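Worksheet for the structure shown next.
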Amino acid sequence: MLESNRRGGYSISEVAHILRFHPDAVQYWLRTGELSGQHDDLSDEWRIAPDDLVAFLRQNGETLPSELVGSR
């Protein structure tokens, strides 16, 4: 399991790794609101809660990756 959960969610690069997509795709989904996340203006980083990632996958009819099984 990835360590990001204790820091408030997954980073863009962690989500990209889990979903096997390019980080630019994840950033696009965040910018367009397709994927929910929290943007930290000070660090200019996004954090994606596991529940938000699971909801995004379910909305798009995707199978949950093994890294997320048990998250919900």
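The values are calculated or read from the model by the stated rules, or taken from the named source; none is laboratory data. Note that this is a predicted model, so its numbers are computed, not measured. A quick note on method: Cβ atoms are made from the backbone with ideal geometry, for glycine too, and the neighbour counts reach across all protein chains shown.
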- line: Taking segment 52-67 and keeping only residues that are surrounded by fewer than 13 Cβ atoms within 10 Å (Cβ to Cβ) and on the phi < 0 side of the Ramachandran plot, one is left with Arg58, Gln59, Asn60, Glu62, Thr63, Ser66
task: Return the residue satisfying two criteria in turn: it lies in segment 7-32 and is of a type in the set (S, T, N, Q) and part of a helix (DSSP H, G or I), and of such residues it is nearest to Pro50 (Cα to Cα).
output: Ser13
- prompt: So which residues in segment 22-45 are in contact with a Phe, Trp or Tyr (Cβ under 9 Å, 6 or more places away or on another chain) and closer than 16 Å to Leu57 by Cα?
  reply: Val26, Gln27, Trp29, Leu30, Glu34, Leu35, Ser36, Gly37
- request: Report yes if some residue within segment 15-38 is surrounded by fewer than 18 Cβ atoms within 10 Å (Cβ to Cβ), at pLDDT below 95 and among the aliphatic types (A, V, I, L, M); otherwise report no.
  value: no
